[in-house]
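Remarks on the structure that follows.
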Amino acid sequence: MAEAARATRAKAGPAIHKGLVGLVVDNSAISRVNPETNSLTYYGYPVQDLARHCTFEEVAYLLANGELPSRAQLSRFRRAERALREIDRDHVGVIARFSRAAHPMDTLRTAVSYLGTREVAWGGEKPATDKRRAMALLAKIPTVMATDYRFRDAKRRIRPRDDLSFSENFCYMCFGRKPAPEVARALDTSLILYAEHGFNASTFAARVVASTLSDIYSAVTAAIGALKGPLHGGANEAVMHMLGEIGTPARAEAWIRGAIERKRLIMGFGHRVYRTGDSRVPTMNKCLEDLSAWKGDDRWLRITQTLARVVIAEKGIHPNLDFPSGPAYDLMGFDIDLFTPIFVMSRITGWSAHYLEQIADNRLIRPLSAYTGPPQRKVRPLARR
Ligand code: COA
């Protein structure tokens, strides 16, 4: 359906843009999501080229500064990030008190919000202040996640190391050993692909909060809440639950045909902007293939291949990035409920860039609604109701 035709009219009222479909609400220089060419660029660089030639730290620098770093700039950026990785004892104490049954997205949201209580944070401050906070969020989120991950398994926390890359250090803090190069590279690639994606729901949530001149911690806390939903970042976990339900490649074709017949929502397929494929998928598919070969386990790979073939042929709907990233994270050894927090670990770079961009040229985001409730009426005092 053409985007314009999606705007419906409430009984002779204004056009309703439900879901804000097709609306362009602001300018942004950070990334370009182009549905015509199915491409995604960060400050002009195609994401698949960034994944091929760069580390996640280089991409984080790009999103923070608008340019890829020189060697000296990268080394300064790395030093700054590594120096901020540790969290203090009070913060560890807060994480220790979370219920073991809580979802890691909820504990992460709360732990990030807690960071905002460690200083008097007000929005719209000097960009340098917000940049410093953005760097602290980037550096500390993996530590928060790994600490929570270890505590929920009744294990001692592992402190961050400053001699490991961003991806290596996260695996080390979770598992207590440096990851295999295959795992570190695949994780790094997924972080590059997840880092930024225009005015998606969580980024828009962050920008709405920024537009009130609230602080970056509040904006990121809101963004984490938005990302958790299965129609957004939560889809990478939902994909893995679906693959678990299918179980074996032999069951995949019958399962997916049955799901299509029952008009079930198939997780990891479809996209609000891309209609004929997500440009990030081939790169992540390659990671899934490489990890399957490295592990000698191609069960998920074969199931995903069958699902993609049938859904594209029968419904014309293509996989999105969450489809290959879910099983890839499983092969890397992560629990399913860590998949969406890993997305946060990456997307914090995009959210921070959007927070700063919004603040730099702000206008309060405040749309309208068409009223459909009862007509105006008189209040009868309680005694007469
Ligand atoms: N499984 C089954 N049908 C799907 C589908 C999916 N994953 N994604 C879209 N469709 C169908 C819709 O039901 C709709 O059918 P209809 O026209 O007969 O009602 C049609 O395709 C068009 O989809 P639309 O409703 O316009 O999509 P949207 O832009 O509102 O929503 C998503 C986009 C991402 C929310 C949606 O595709 C979805 O829920 N996908 C699964 C969750 C997911 O993977 N999320 C991660 C996104 S990166």
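The values are calculated or read from the model by the stated rules, or taken from the named source; none is laboratory data. Since this is a predicted model, take the numbers as computed values, not measurements. All Cβ positions, glycine included, derive from the backbone under ideal geometry; neighbour counts span all protein chains shown.
Residues of segment 242-271 that are near the ligand (Cβ under 7 Å from one of its atoms) and among the aliphatic types (A, V, I, L, M): 265, 266, 267. Of the residues making up segment 299-334, those that are farther than 22 Å from residue 230 by Cα and surrounded by fewer than 16 Cβ atoms within 10 Å (Cβ to Cβ) are 302, 309, 313, 314. Considering only residues of segment 100-140 that are modelled with pLDDT of 95 or more and small (Gly, Ala, Ser), which is nearest to residue 151 (Cα to Cα)? Out of the qualifying residues, it is 102.
Count of segment 292-350 residues, restricted to those that are in contact with a strand residue (DSSP E or B) (Cβ under 9 Å, 6 or more places away or on another chain) and of a type in the set (A, V, I, L, M), is 5. Based on what the data block shows, is residue 239 crowded, with 20+ Cβ neighbours inside 10 Å, more than 8 Å from the ligand (Cβ to nearest atom) and under 19 Å from residue 320 (Cα atoms)? No; evaluated as a whole, the condition is false for this residue. What do you reckon, is residue 268 surrounded by 23 or more Cβ atoms within 10 Å (Cβ to Cβ) and on the phi > 0 side of the Ramachandran plot? Yes: the conditions hold for residue 268.
Being assigned to a helix (DSSP H, G or I) and either within 25 Å of residue 185 (Cα to Cα) or more than 10 Å from the ligand (Cβ to nearest atom) (or both) is the filter here; which residues of segment 315-329 pass it? Residues satisfying the conditions are 322, 323, 324, 325, 326, 327, 328, 329. Against the conditions (1) buried (at least 16 other Cβ atoms within 10 Å of the Cβ); (2) hydrophobic (A, V, I, L, M, F, W, C); (3) in contact (Cβ under 8 Å) with a residue 24 or more places away in the chain, residue 158 satisfies every one except (3).
Of all residues in segment 288-314, those satisfying the criterion of being farther than 22 Å from residue 47 by Cβ, of a type in the set (Gly, Ala, Ser) and not in a loop (DSSP other than H, G, I, E, B) are 292, 293, 313. Screening residue 230 with (1) near the ligand (Cβ under 8 Å from one of its atoms); (2) over 23 Å from residue 334 (Cα atoms); (3) touching a residue at least 12 places away in the same chain (Cβ under 8 Å) gives one miss only, at (2).
Restricted to segment 155-187, and to residues there that are under 19 Å from the mean Cα position of the chain (by Cα) and not small (Gly, Ala, Ser), the residue that is nearest to residue 333 (Cα to Cα) is 171. For segment 29-50, the condition holds for at least one residue, the condition being that it is without any contact (Cβ under 8 Å) to a residue 12 or more places away in the chain and in a helix (DSSP H, G or I). Just name the residue that is nearest to the chain's Cα centre (by Cα) out of those in segment 218-236 that are under 12 Å from residue 320 (Cβ atoms) and in a loop (DSSP other than H, G, I, E, B). Filtering first and then ranking leaves 233.
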